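For reference, the structure is listed below as structure tokens.
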Amino acid sequence: MTHQNTETDAPYYRQHVFVCTNQRPADDPRGCCHAKGAVALRNYMKDRAKELGLADTRINIAGCLDRCEFGPTVVIYPEGVWYTCRTKEDVDEILARHVVGGGRVERLLMSPGAAAAHK
């Protein structure tokens with residue numbers, strides 16, 4: 001069920017961007033997005049989205065998305081597109097090409113089969 005904005009009869013947000021900020025113990029062999037700078041990247045992404053006027057896109061913190069080895073992990077819905085996002089430049093490219101332009105950032109895409117090694 002999609003929640004609608006009663007004033008415009010449109011969804012509140014066109015897209016949701018989830019950035020994993022999960023923190024694991026320092027000795028965890030899988031690593032974690034938090035230790036790879038995910039909080040700073042999420043904050044930068046949120047600020048940039050605001051600067052770009054992307055009021056129809058929500059930038060959210062997420063708990064573990066179970067792709068720790070590939071992180072920091074970003075997933076964008078409703079498309080369900082998964083990215084590895086490691087730098088501010090990656091954030092800028094995702095916002096410009098995917099969120100604004102509707103395309104994909106091929107070099108940052110996680111393959112659908114990028115399952116966690118522990119499974």
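The values are calculated or read from the model by the stated rules, or taken from the named source; none is laboratory data. Quick caveat: nothing in here was measured; it's all calculated off a predicted structure. Here the Cβ positions follow ideal geometry from the backbone for every residue, glycine too, while neighbour counts run over all protein chains shown.
Numbers below:
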read-out	value
Residue check, A10 out of contact with any Asp or Glu (no Cβ under 8 Å at 6 or more places or on another chain) and modelled with pLDDT of 95 or more	no
Selected residue (only one of R30, R104, R48, R58 is charged (D, E, K, R), surrounded by 13 or more Cβ atoms within 10 Å (Cβ to Cβ), touching a residue at least 12 places away in the same chain (Cβ under 8 Å) and part of a strand (DSSP E or B))	R58
Residue in the stretch 71-86 that is within 21 Å of S111 (Cβ to Cβ), among the charged types (D, E, K, R) and buried (at least 17 other Cβ atoms within 10 Å of the Cβ) present	no
Meets criteria (touching a strand residue (DSSP E or B) at 6+ places or on another chain (Cβ under 8 Å), modelled with pLDDT of 95 or more and closer than 19 Å to R14 by Cβ) for V91	no
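The rows are residues; the columns are (1) out of contact with any Phe, Trp or Tyr (no Cβ under 9 Å at 6 or more places or on another chain); (2) among the charged types (D, E, K, R); (3) farther than 22 Å from G102 by Cβ.
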site	(1), (2), (3)
P29	yes, no, yes
A35	yes, no, yes
A38	yes, no, yes
M45	yes, no, no
G53	yes, no, no
T73	no, no, no
